[in-house]
1. With a point put 7 Å past each Cα toward its Cβ, work out how far Arg669 is from Thr97 in nm, to one decimal.
2. Grab the Cα-Cα distance for Trp145 and Asn608, subtract it from 0.36 nm times how many residues apart they are, and report the gain in nm with one decimal.
3. Using the beta-carbon distance between Lys105 and Glu221 and R0 = 22 Å, what value does 1/(1 + (r/R0)^6) give for FRET efficiency, to the nearest 0.05?
4. Between Gln308 and Asp546, what's the calculated FRET efficiency when r is the beta-carbon distance and R0 is 45 Å? Round to 0.05.
5. How far apart, in nm, are the 7 Å Cα→Cβ label points at Lys362 and Lys250?
6. Give the percent of DSSP beta bridges with both residues in the chain that are antiparallel, rounded to the nearest 5.
7. Considering only C-alpha atoms, what is the centroid distance from segment 397-453 to segment 645-718, in Å?
8. Return the FRET efficiency for the residue pair Ala653, Ile319: r is the Cβ-Cβ distance, R0 is 41 Å, and the value is rounded to the nearest 0.05.
Amino acid sequence: MKNTGNITVNRRNFLRYTSLTGTALILGISRSNATGTAVVSNLSHAEEGYNLSPFIIIEKSGKITIFNTKPEMGQGTFQSIPALIAEELELAPGQFTVVQTGGEKKFGDGQAAGGSYSVRSSYEMMRKVGASAREMLVSAASKQWNVPVSECNAEFARVFHKPSGRSLGYGELVETAATLATPENPQLKDPKTFRMLGKSSRRPDVPLKVSGQAVFGIDVEVPGMVYASVERCPVFGAALTDFDASHATKITGVEQVVPVERVFGNYKTTGVAVVAASYWAALKGRKALKVKWDYRGNEQFNSTDYSQHLRDLARNEGITDVSTGDFDTAFAGGQSQVEAFYETPFVAHATMEPMNCTAHWKEGNKLEIWASTQVPSDIINELPGMFGLSADDITLHTCFSGGGFGRRLALDFVIEAVNLSQKIKKPVKLIWTREDDMQMGPYRPPTFSAMKGALSSDGKLTAFQHKVIAPTILSFFVPQQDKTKVDETMVEGISHQAYEIPNMKNSFVYADCPAPLLWWRSVTSSTLAFAHECFLDEMAHKAGKDPLNFRMEMLTKQSDTKRVLQKLREVSNWDAPLPEGKGRGIAQWDFFAGLAGEVVEVTRLSDNSVKIDKVYVVIDLGTVVNPDNVKAQMESSVVMGITAAVKNGITFANGRTEQSNYHDSPVLRITESPEVVVHILAEGGSNIKGVGEPGLPPVAPALANAIFDATGIRLRKMPFDLDDLKG
């Protein structure tokens, strides 16, 4: 997604956006077709030659609509993005309606939620939109009253004249406001005066979800709709050769059985779809299918051999990512050397709402789609080329999502539904079963890490190496990926930590993989931080130093990382001794999404098991929009991070996924979840960081380090069994 940054209004273009009269004030962002420049503009009477993003519509009736371009999947954007506008526009939460955009071109290509980027990509520009509207409404009131602007102020959707006590609602001012020039540099509010931003606020989507009024993709119903369930080959990379639908078509309600293609980047396979009047009938018909597959030798793929393959690849030198100083010389000449190997598994996204999409291919080559997606813009941008349509031919309804975690960045389930509707000429609701979601991928890729480090005679880290061995996500999306260069997405963060290490050499070794892979919450930072921060603990132990003090010795310069660790020391009472049988561990991670650090406390029990007692989280944000959202995101990051660390990952045998549902690929239960204490560092300024992902990478290493502190057992392979720890 693109950050429009600090862009001011081009006054010369203003006349092209406006005319003298109007019945509503429509304010937003426009982009010139000629230059692509984005500006806050009055769009009440804009010309068609511009790409227009009407983020606010204020009608004469007083109705106020704010558009949200960042899909809501539980992370809180349905509240946080509109709040950026509402704060500057001086609105209370109940004074406006939030409308979710559907990838429309006029709202630009930033209609997506991923990378913990929603708020930080919107913060400056959305506030400017709200501030511009506020100043225009205040100016309109001053004109109607014939009084100085300085005597007027806006508050709770009204403009007040302080000396006389008169006031006008925004709806009464829109006709005049719509004729005014958009302020080139609207005055943003002092954060000290914020009523919404920085304060815990109720989310407008929660009452809808609790009452059942919220529409998720799986809830959609369309007149004339049929249901579809697809039988896909359980072996990755296999091909459909033939199918017998004779028994399936005898099931009451089954209407058609047709082949359908799944397109996941470069990965394309064909399955068999059963279309029926009800979902139950579609499932029964699917079970009655007889399908023949050509496995193409891919049935040999299994986790045991694949893990060994990655270990064997670790002997390769790999492609250097970052090299500073002279690692080889420093390592060889160190007073002591440490080497270790870390392994992490494949992991499923396991969203609560399985993949689904409703598509209606209409006469005249018009397409209407209802989907729980993270990327409305991608649907509108990519489907036209696939199906011979224009963007204007597609109408997308972006529904609430029951979890995303990166899975809904892909379009495979949308493309399947569109393919089916085009074939059968009816609106089709395609639903993946939980087993489909778990067994068909895509997955978070495993990363194996070969670590080396050397210490000087005074116990300082003088040489450090992190070699990553892994398949790449981009190999499924970039044709003929250049494997002479490092895939930066697979080494993210390892070379960019604030630690001051004089000699460092990080590298990457490519591995192939038949199973489809995709970004998972915090992507490869969720695995690389485990190896990186655990190995630093190993080095600290070798040096005979406290793990936190060891890190602080490598942070002589002021940095956000240093502030986070200092805060962690304080809030976790790190320097106080723990009772016998207890342990604690620390980890931090700074990457594309942001920065957080965590301390985990555990208890060693008499039966050789470990209980997780408490997790302290410090997240560095710069600026916070809704502290309650941040707390919820940190709590969910801890739960998801512990789940990935201690619960079953995804394994393969005979080319197939062995897990099928939550019973054999479980999520952490409430009774297993520790207390989570969250501290937010938000000291103002423009250095805004993400929230959705930074809390996850430090969880596993902090937990593993705490277990070592309590038991002396060093864990280097996830998942680890808390009920039966072995050295």
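1. With each label point 7 Å from Cα toward Cβ, the separation is 4.5 nm.
2. 158.9 nm
3. That gives a FRET efficiency of 0.20.
4. That gives a FRET efficiency of 0.75.
5. In this crude spin-label approximation the distance works out to 4.0 nm.
6. Once the DSSP bridges in the chain are tallied, antiparallel ones form about 75 percent.
7. If you average the Cα positions of each part, the centres end up 22 Å apart.
8. Once rounded, the FRET efficiency stands at 0.85.
A short reminder: the numbers here are calculations on the coordinates, not readings from a lab. Owing to the predicted nature of the structure, the values given are computational and were not obtained by experimental measurement. We place every Cβ from the backbone using ideal geometry, glycine too, and count neighbours over all the protein chains shown.
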